[in-house]
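Engineer: Got a structure for you, questions after.
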Amino acid sequence: MSYLQFKNISKSFPGVLALDNLSFEVNEGSVHALVGENGAGKSTLLKILSGVNIPDSGSLKIKGEEVSFQNTEDAFSKGISIIYQELNLVDEMSIAENLFLGHMPKKLGIVDFQKMNQDAKVMLEKLGENLNPKEKTGNLSIAKKQMLEIAKALSRGSKIIAFDEPTSSLSEKEVENLFRVIRDLKSKGHAILYVSHRMEEILSLCDATTILRDGKHVETISNMENLTQTDLITKMVGREIKNIYPYRVRNLEKNLLQVDHLKGMGIDISLNLKSKEVLGIYGLVGSGRTESLKLIYGAFKKESGDVILDGKKTKIEVPSDAIKAGIMYLSEDRKKEGIIPKASVCENINVIERLKKGILVNNRKERSNAKEVVKKFKIKTPSIRQIISNLSGGNQQKILFGRWSEDSLKVMLLDEPTRGIDVGAKSEIYSLIYDLAEKGVGVIFVSGDLVEVLGVSDRILVMRDGKIAGEVMRADASEASVIKLAFPGRVNEKNN
């Protein structure tokens, strides 16, 4: 039975038609996937559903009744909640305060903290979470915060819940727990919208899938039984992608980077990287993958150890030292540590050059450089004056690559460079990496997606408890051989 209906929804922004006469339905008691490349219109649709954006035309219906929202409170009142990839919680508040924010129970006009804490505990226990409702929210893991967001939605009586890339920062066990909760919500009659780039999740979890491309409705698949990942990807991108990981054989050259017992933030690592090499680093959540890159880059204070670049000991105390040495770092958190959200495409592209040259700005040269980068990296933007936050995740990531002049770049440190990016854009990012590697750049590629690490790397280092637990060459690499090193047990003696 149809619970939520989008009818002829259109929405435009300056220079962009984000949604074009879009129509589909979501059934009660179902998990409905929403897929498409970055820029297909998924985020815009969720913002319309949540009352953040107002459609130019078209209508929404809930249980056959037409509804319209002027703000998020209107959407809440109709039982709609969106759980975004960037969770909407106040870290300084307690768990209970976040859960009931905006509708705290009161007694004689004063917040009844005792009842609020009791109700929060009961609600979280229903989701399988035994948390202290008085604990500060900032102390929670991403997975626990996500459960708090779900509890928050349920506390407001939400029957329509949309999840936006919910597993991007979760471990395998945490994903299983999230899926258990989603299936339970489905069994209780909730209508679930599920946005993800992970095809395997969609095939295992969802009852139906709506595919968007360039703001248009391509197809809604209600029978998922015989659907394959290849089918779904082809429908999504409008073309067949025969090889998502376009691995290219290269003759690895001289030693480019050597890290000797670099210590700090609970990390103690040693590694070497050759010119033209793509060195993968894999590890479970908490293994120290991100911390290792930040130590090399100077974003974390080191306790001891050396970084040797081109055979010379290089002093890297802060990120500006790394930049001057030709070491590039792309954070896993693109929005907080990568782009400048309110700045233009042009300004974002020229950030590194501005850091090098100080206050001297050549506007004509910057515009020329930005246009060249947009063309070279095939960045989809109506103008270099467009605000970068209006672009898709894949295009934002290409801009971060485009910041760096190839003649000054020696080492790329990439932390989850394809997180939140669609399959087609991922393939383009991998090609960019190989283009640079073929020109002599050394790449360290960190990812929690084991299949991705196996697909792109020449060699794989496996981290566990802040150290390198072992090394696997591409020719010998398999999921089993890498996973065996990633789980607790005996560390490979030669790497101790």
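Engineer: How many of the residues making up the stretch 99-148 are acidic (D, E) and not in a loop (DSSP other than H, G, I, E, B)?
Structural biologist: 2
Engineer: Could you go through the stretch 312-329 and let me know if any residue there is farther than 25 Å from S383 by Cβ, assigned by TED's automatic domain parsing to the domain that holds N369, among the charged types (D, E, K, R) and assigned to a loop (DSSP other than H, G, I, E, B). Break it down into steps so the answer makes sense when it comes.
Structural biologist: Kept after step one, since they are farther than 25 Å from S383 by Cβ, are these residues of the stretch 312-329: 312-329.
From the residues that got through so far, the ones that are assigned by TED's automatic domain parsing to the domain that holds N369 too are 312-329.
Of the ones still in play, those that are also among the charged types (D, E, K, R) are 312-313, 315, 317, 321, 324.
If we keep only those that are assigned to a loop (DSSP other than H, G, I, E, B) too, we end up with 315, 317.
For the stretch 312-329, residues farther than 25 Å from S383 by Cβ, assigned by TED's automatic domain parsing to the domain that holds N369, among the charged types (D, E, K, R) and assigned to a loop (DSSP other than H, G, I, E, B): present.
Engineer: Another question about this same structure. Which strands (runs of 3 or more DSSP E) sit wholly inside the stretch 202-291 and have at least 1 residues that are surrounded by 18 or more Cβ atoms within 10 Å (Cβ to Cβ), modelled with pLDDT of 90 or more and among the aromatic types (F, W, Y)?
Structural biologist: 278-283
Engineer: Might you let me know whether the stretch 71-84 holds any residue that is in contact with an Asp or Glu (Cβ under 7 Å, 6 or more places away or on another chain), closer than 26 Å to G393 by Cα and of a type in the set (F, W, Y)?
Structural biologist: For the stretch 71-84, residues in contact with an Asp or Glu (Cβ under 7 Å, 6 or more places away or on another chain), closer than 26 Å to G393 by Cα and of a type in the set (F, W, Y): present.
Engineer: Of all residues in the stretch 414-455, which are of a type outside the set (G, A, S), out of contact with any Ser or Thr (no Cβ under 9 Å at 6 or more places or on another chain) and within 19 Å of G393 (Cβ to Cβ)?
Structural biologist: V423, E428, L432, I433
Engineer: Out of all the residues in the stretch 439-478, which are at positive phi and either assigned to a helix (DSSP H, G or I) or not small (G, A, S) (or both)?
Structural biologist: D465
Engineer: Same structure, new question: Filter the stretch 436-449 for residues that are farther than 12 Å from V278 by Cβ and surrounded by fewer than 21 Cβ atoms within 10 Å (Cβ to Cβ) and give the result.
Structural biologist: K439, G440, D449, listed by residue number.
Engineer: Tell me which residues, restricted to the stretch 103-121, are within 28 Å of E174 (Cβ to Cβ), more than 31 Å from the chain's Cα centre (by Cα) and among the hydrophobic types (A, V, I, L, M, F, W, C).
Structural biologist: Within the stretch 103-121, just M116 meets the criteria.
Engineer: So, in the stretch 179-194, of the ones that are under 21 Å from the mean Cα position of the chain (by Cα) and crowded, with 21+ Cβ neighbours inside 10 Å, which residue ends up nearest to V423 (Cα to Cα)?
Structural biologist: Checked the stretch 179-194; the qualifying residue nearest to V423 (Cα to Cα) is Y194.
Engineer: Does V456 meet the test of being crowded, with 23+ Cβ neighbours inside 10 Å, touching a strand residue (DSSP E or B) at 6+ places or on another chain (Cβ under 9 Å), within 22 Å of V237 (Cα to Cα) and in contact (Cβ under 8 Å) with a residue 12 or more places away in the chain?
Structural biologist: Answer is yes for this residue.
Engineer: Take S81 and decide whether it is polar (S, T, N, Q), within 32 Å of the chain's Cα centre (by Cα) and surrounded by 15 or more Cβ atoms within 10 Å (Cβ to Cβ). Step through it out loud before you land on a result.
Structural biologist: Numbers: polar (S, T, N, Q): yes; within 32 Å of the chain's Cα centre (by Cα): yes; surrounded by 15 or more Cβ atoms within 10 Å (Cβ to Cβ): yes.
Yes.
Engineer: Still on this model: With the stretch 1-57 as the region, which strands (runs of 3 or more DSSP E) entirely inside it contain at least 2 residues that are polar (S, T, N, Q) and under 26 Å from the mean Cα position of the chain (by Cα)?
Structural biologist: Values: elements: 2-13, 16-27, 30-35.
Per the criteria, no element qualifies.
Engineer: Right, here's the next one. Yes or no: A322 within 17 Å of K410 (Cα to Cα), in contact with a helix residue (DSSP H, G or I) (Cβ under 7 Å, 6 or more places away or on another chain), buried (at least 21 other Cβ atoms within 10 Å of the Cβ) and free of Cβ contacts under 8 Å to residues at least 40 places away in the same chain?
Structural biologist: Yes.
Engineer: Give the residue, chosen from G286, G338, that is under 28 Å from the mean Cα position of the chain (by Cα), within 26 Å of L87 (Cβ to Cβ), without any contact (Cβ under 8 Å) to a residue 24 or more places away in the chain and in the same structural domain as P417 (by TED's automatic domain parsing).
Structural biologist: G286
Engineer: Any residue at all in the stretch 61-74 that's farther than 19 Å from D207 by Cβ, among the basic types (K, R) and in contact with a Ser or Thr (Cβ under 7 Å, 6 or more places away or on another chain)?
Structural biologist: So far as the stretch 61-74 goes, no, none of its residues is farther than 19 Å from D207 by Cβ, among the basic types (K, R) and in contact with a Ser or Thr (Cβ under 7 Å, 6 or more places away or on another chain).
Engineer: Quick check on K61: is it surrounded by fewer than 19 Cβ atoms within 10 Å (Cβ to Cβ), assigned by TED's automatic domain parsing to the domain that holds S155 and within 27 Å of N223 (Cα to Cα)?
Structural biologist: So K61 passes the test.
Engineer: Sticking with this one: Can you tell me which of (1) farther than 23 Å from E332 by Cα; (2) modelled with pLDDT of 90 or more; (3) part of a helix (DSSP H, G or I) is the one S481 doesn't meet?
Structural biologist: (2)
Engineer: Answer yes or no as to whether S94 is under 25 Å from L205 (Cβ atoms), in contact with a strand residue (DSSP E or B) (Cβ under 8 Å, 6 or more places away or on another chain), among the polar types (S, T, N, Q) and surrounded by 18 or more Cβ atoms within 10 Å (Cβ to Cβ).
Structural biologist: Judged against the criteria, S94 is not a match.
Engineer: Would you mind telling me which numbered condition in (1) at pLDDT below 85; (2) surrounded by 14 or more Cβ atoms within 10 Å (Cβ to Cβ) H103 fails?
Structural biologist: Exception for H103: condition (2).
The values are calculated or read from the model by the stated rules, or taken from the named source; none is laboratory data. Since this is a predicted model, take the numbers as computed values, not measurements. Neighbour counts run over all protein chains shown; Cβ positions are idealised from the backbone, glycine included.
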